[in-house]
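Participant: The structure follows.
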Amino acid sequence: MNTLYDLIPEKHFAGSLKQNALGSIKIAILREVIGNAIIRSNYPDETITFKLSENRDVVEVPARKLKSREKLLGLKLCREFGVVDEELRYNIIKKSEQLANPNSVLFGDSVTESGDAVALTSRVIYDWAYSLRDVNQITATLQHNALSEGGTMWNEEEGKLRQSLFQVQYVKPGTYLPHFITLENVTPELFIHLLICVMHESRYFAQSTTTSAGNVKNHILGVGFSDFEQPVNSYAISKNWNGDSVDYESVSGAINEVMGKAYGKDGYVTGDKFTELISQLWEDKQGMQQLYTKAQEDCTQYLKDIHIINKKGKK
């Protein structure tokens, strides 16, 4: 962990997960849409929007649409290193002792099937994301049809064309979404677990299993740390955006400038140092196994400390 402590002083990490101390870590991310994305909620043919001003409606991305994908990848990582109960499924937790894993402790989880009313609050807080440009500039509406087995619109039973046309509004590639994730009371191992989830997840939003393979590229721009969380979020970045050019250089530069002012020269580290560290760690499989084993031991001890499970590992 010495390399990580060279970037973020050790005092900003929790020595024990039961410790509820002062301190906050904020990750600045630029999410770049690189494939048509469906960002919708109640209306199947409309993108979620937010009226930012009288002249600008922007695309709005609820935090859960980002967190859920990264939490799911986190569960896969925990399975890869054998630090989660084999019976545990995403959002299906049958026993309290199954909460003793890095993913549940970091992202928060609750027992869903037994009579135990046990829940862990999330240690990672996701911001809502807002686009910089008006929705009319970054979306397109396309008409689709539901083909029959023969690959046409012909209704074989009725002997006439089927009326199964529908429209979908897509967020176009080239859209940039400033985003921020805040962590509180995390160990270095849980922090690294989150960075891996963000760096390696690329499939988000609706229809992500059919038509949205690799539709988002995440750029970790930097990490800010201080005793108190600074009021920097995607809404503020979007509202104050006045630039005519919306490209990676201009947007990342603006976010870095805001984070630098908020956290100061000694409290903000550029993202390339973290991505390089994670890439090096991932190549060392033995080291990664040790890291995840240590994370699980800390999580198990935490559940014992708060009496969710006893010293024998059962409730």
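The values are calculated or read from the model by the stated rules, or taken from the named source; none is laboratory data. All values derive from a computational prediction rather than experimental measurement. Here the Cβ is made from the backbone with ideal geometry for all residues, glycine too, and neighbour counts use every protein chain on show. Surface areas here come from the heavy atoms of the whole protein model, side chains and all, with no ligands, DNA or RNA. Shrake-Rupley method; radii C 1.70, N 1.55, O 1.52, S 1.80 Å.
Participant: Gly35 is checked against (1) over 17 Å from Val223 (Cα atoms); (2) out of contact with any Gly (no Cβ under 7 Å at 6 or more places or on another chain); (3) buried (at least 18 other Cβ atoms within 10 Å of the Cβ) and fails just one. What number does that condition carry?
Facilitator: Going through (1) over 17 Å from Val223 (Cα atoms); (2) out of contact with any Gly (no Cβ under 7 Å at 6 or more places or on another chain); (3) buried (at least 18 other Cβ atoms within 10 Å of the Cβ) one by one, Gly35 breaks only (2).
Participant: Of the numbered conditions (1) at pLDDT 95 or above; (2) within 23 Å of Arg123 (Cα to Cα), Ile308 fails exactly one; give the number of that condition.
Facilitator: The single condition Ile308 does not satisfy is (1).
Participant: Same structure again: Given the criterion loosely packed, with under 14 Cβ neighbours inside 10 Å and in contact (Cβ under 8 Å) with a residue 40 or more places away in the chain, identify the matching residue among Thr47, Thr3. Write out each step before concluding.
Facilitator: On the way: Thr47 fails: loosely packed, with under 14 Cβ neighbours inside 10 Å.
Result of the check over Thr47, Thr3: Thr3.
Participant: Any residue in the range 84-95 that is over 11 Å from Val111 (Cβ atoms) and in contact (Cβ under 8 Å) with a residue 12 or more places away in the chain sitting within a Cβ distance under 7 Å of a residue that is outside any loop (DSSP other than H, G, I, E, B) and not aliphatic (A, V, I, L, M)? List the pairs, counting only those 6 or more apart or interchain.
Facilitator: Val84/Cys78; Val84/Asn103; Asp85/Gln98
Participant: Can you name the residue in the range 206-217 that is of a type in the set (S, T, N, Q) and open to solvent by 10 Å² or more (accessible area, probe 1.4 Å) and, of all such residues, is modelled with the highest pLDDT?
Facilitator: That would be Gln207.
Participant: A further question follows. Take the residues in the range 252-307 that are part of a helix (DSSP H, G or I) and acidic (Asp, Glu); name whichever of them is farthest from Gln230 (Cα to Cα).
Facilitator: Among those residues, the one meeting the criterion is Glu283.
Participant: I've got another one for you. Can you tell me which residue is most open to solvent (accessible area, probe 1.4 Å) among those in the range 172-205 that are within 20 Å of Lys65 (Cβ to Cβ), part of a loop (DSSP other than H, G, I, E, B) and not charged (D, E, K, R)?
Facilitator: Among those residues, the one meeting the criterion is Pro173.
Participant: Separate question: Examine the range 238-246 for a residue that is within 24 Å of the chain's Cα centre (by Cα), under 23 Å from Leu190 (Cα atoms) and in contact (Cβ under 8 Å) with a residue 60 or more places away in the chain, and state whether such a residue exists.
Facilitator: No.
Participant: Only residues that are within 30 Å of Lys172 (Cα to Cα) and touching a Lys or Arg at 6+ places or on another chain (Cβ under 7 Å): list them for the range 59-93, please.
Facilitator: Passing the criteria: only Arg69.
Participant: What about Ile8, is it more than 22 Å from Gly108 (Cβ to Cβ), in contact with a helix residue (DSSP H, G or I) (Cβ under 9 Å, 6 or more places away or on another chain) and either among the charged types (D, E, K, R) or open to solvent by less than 10 Å² (accessible area, probe 1.4 Å) (or both)?
Facilitator: Answer is yes for this residue.
Participant: Select the helices (runs of 4 or more DSSP H) contained entirely in the range 1-118, then report the ones holding at least 1 residues which are small (Gly, Ala, Ser) and at pLDDT 95 or above.
Facilitator: In the range 1-118, 63-80, 102-107 are the helices (runs of 4 or more DSSP H) which contain 1 or more residues that are small (Gly, Ala, Ser) and at pLDDT 95 or above.
Participant: Please go through the range 103-117 and pick out each residue that is buried (at least 20 other Cβ atoms within 10 Å of the Cβ), over 14 Å from Val186 (Cβ atoms) and either of a type in the set (A, V, I, L, M, F, W, C) or touching an Asp or Glu at 6+ places or on another chain (Cβ under 8 Å) (or both).
Facilitator: Val111
Participant: Now, a different point. Checking the condition open to solvent by 60 Å² or more (accessible area, probe 1.4 Å), within 24 Å of Tyr126 (Cβ to Cβ) and not aromatic (Phe, Trp, Tyr), which residue from Lys273, Lys265 passes?
Facilitator: Among Lys273, Lys265, only Lys273 is open to solvent by 60 Å² or more (accessible area, probe 1.4 Å), within 24 Å of Tyr126 (Cβ to Cβ) and not aromatic (Phe, Trp, Tyr).
Participant: Still on this structure: With the requirement that a residue be part of a loop (DSSP other than H, G, I, E, B) and open to solvent by less than 80 Å² (accessible area, probe 1.4 Å), what does the range 228-251 give you?
Facilitator: Within the range 228-251, Gln230, Val232, Asn233, Trp241, Gly243, Ser245, Val246, Asp247 qualify.
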